[in-house]
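Working notes, beginning with the structure itself.
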Amino acid sequence: MYISRLAVDHYRSWESLVVDLQPGINVLYGRNGLGKTNLVEALEVLSTGSSHRVSSSAPLVQRGQHKATVRANVQEDEHTTTYELTIPLRGANRGRINNGSSLYMRDFVGRISCVCFSPDDQHLVAGDPNGRRNFLDQTASQLDPSYYQLKQDVTHLAQQRGALLKQLSHSQEVLGGDSYTDNSQAALSTLEVWTAQFIQQGMKLTERRLQLIRSLQGPIQDIYQQLAGSDQSVHMTYLPSFAEVIDDGVSAQSATRISQHFQRIYAGEVARGQNLIGPQRDDMAFVLNGMEAKGYASNGEEWTLALALRLAQFQLLAQENNHQPILILDDVFAQLDEHRRRQILNFANDQNQVIITVAAATDLPQVDDVHVIDVADIADQHRIAMEEVSL
């Protein structure tokens, strides 16, 4: 499987652009600020339903427009399939396959499998927990599209519950103490319903993330040792907000214990007007040779861990989906030393399709049969063609 054409309309900095790609290694070449990362990000969003760069879809739509569109022609066994994703400024993303009927993202995500390695991936080791949660969610959605809907459900429940907590917090501020208006009494009753649903769906999401981390554990251990060239131990540790699931799984006993936890922190949640526990606060940690990597690993060790994690993700997706994902290497060569560049290129040479972005000629990979695409050149050609059409 490989992408033969990628097209975007009103996506971030691009009003409209079409890029033809080939199997093997493709290099998008152009100066910084031209929009190379925006193009590979569009492919990531088409594949996973989200971007590792932002938490919402609104920044993906070109300023002044009400929607963005991403299309890709995928070649597989001599057949061409066109996938199209519409990203509205407000509302849910929708997809189409071969100009068919509109699909919810739960029925669309994961059909094009991809893995994106970027300079930001170093933050997967030592950065904000949101990046690590996003990694888990994107990976799990590509393995099982039903995960995408589960994550959306949990997010919706958390938002509804948070809105009620804000309402109750405001009521306490106005009336003082534990007094409530009639509307707040109704909100309190509704909160119990939302909390019960939040616990049930949140436990399922927690278990799915835990299963994913366990699946990644073996590959990341083996790959890190290969990259580091030494016998070192790497362990991924899940830090769920609903820790009860680790002990008892998705069960009535876990639900009861989590419910009791909510009861204990109820006053604090109302005082702050927000959810204090839930999957939206989950995290994971990397333990390198018995020490937590965050705060102890060197810069080189963080890079190696991040690369090992992405390659473990690639290996798992290829194994479970029975085809190689598209590999995206976004401006990573300028960040890596020659040894790690060579390790990545050795891996890339064995894949069906790789898309690399570089800003300088010195960053072009020294390998045979590379399809180099001058992004500035195709942008100029497309602009001229559009001007001629408008005449």
Counting other Cβ atoms within 10 Å, which GluC sites (Glu not before Pro) in the range 34-113 have at most 10 and lie in a DSSP loop? Glu78
Between 0 and 90 degrees, rounded to the nearest ten: what's the tilt of helix 375-390 against the longest Cα principal axis of the chain? 90
³J(HN,Hα) computed for each position of the range 205-217 - Karplus, 6.51 cos²θ - 1.76 cosθ + 1.60, integer Hz, glycine/proline x: 5, 4, 5, 5, 5, 4, 4, 5, 4, 5, 5, 7, 4
Among Phe286, Phe347, Phe262, residue whose mean-square fluctuation peaks in a GNM of the chain (springs only between Cα atoms under 10 Å): Phe347
Cα centroid of the range 40-57 to Cα centroid of the range 315-384, whole Å: 18
At q = 0.16, 0.19, 0.22 Å⁻¹, work out log10 I(q)/I(0) for the range 238-331 with the Debye formula, treating every Cα as an identical point scatterer and leaving solvent out; two decimals please. -0.92, -0.99, -1.06
Using the crude model of +1 on Lys and Arg Cβ and -1 on Asp and Glu Cβ, and no other charge, please compute the dipole size for the range 5-139 relative to its Cα centre, in debye to 20. 480
Within the range 232-391: Cβ-based charge dipole about Cα centre, in debye rounded to nearest 20 (Lys, Arg +1; Asp, Glu -1): 840
Taking only Cα atoms and a 10 Å spring cutoff, compute GNM fluctuations for the chain and point out the largest among Val154, Val372, Val358. Val372
Ranked highest first by the average count of other Cβ atoms within 10 Å around their residues, in what order do 294-303, 118-127 fall? 118-127, 294-303
Span from the the range 8-38 Cα centroid across to the the range 154-171 one, whole angstrom: 40
Using alpha carbon centroids, what distance separates the range 239-282 and the range 68-126, in Å? 33
Work out the charge dipole of the range 313-384 with +1 on the Cβ of Lys and Arg and -1 on the Cβ of Asp and Glu about the Cα centre, then indicate which of Asn346, Gln381, Thr357 is farthest towards its positive end. Asn346
Taking the Cα centre as origin and putting +1 on Lys and Arg beta-carbons and -1 on Asp and Glu beta-carbons, what dipole magnitude results for the chain, to the nearest 20 debye? 1040
Charge dipole of the chain built from unit charges on the beta carbon (Lys, Arg +1; Asp, Glu -1), centred at mean Cα; most positive-end Cα among Ala334, Ala42, Gln263 is Gln263
In the chain, taking the dipole from +1 charges on Lys and Arg beta carbons and -1 charges on Asp and Glu beta carbons about the Cα centre, the listed residue (Ser118, Leu85, Thr304) farthest towards the positive end is Leu85
Under 25 Å between alpha carbons: how many lysine pairs meet that in the chain, if sequence neighbours fewer than 8 apart on the same chain are excluded? 4
Mind grabbing the base-10 log of I(q)/I(0) for the range 304-377 at q = 0.20 Å⁻¹? Debye formula, identical points on the C-alpha positions, no solvent, two decimal places. -0.93
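Quick note: the coordinates plus some simple rules give every number you see, no bench work behind them. Please read these numbers as outputs of a predicted model, since none were measured by experiment. We place every Cβ from the backbone using ideal geometry, glycine too, and count neighbours over all the protein chains shown.
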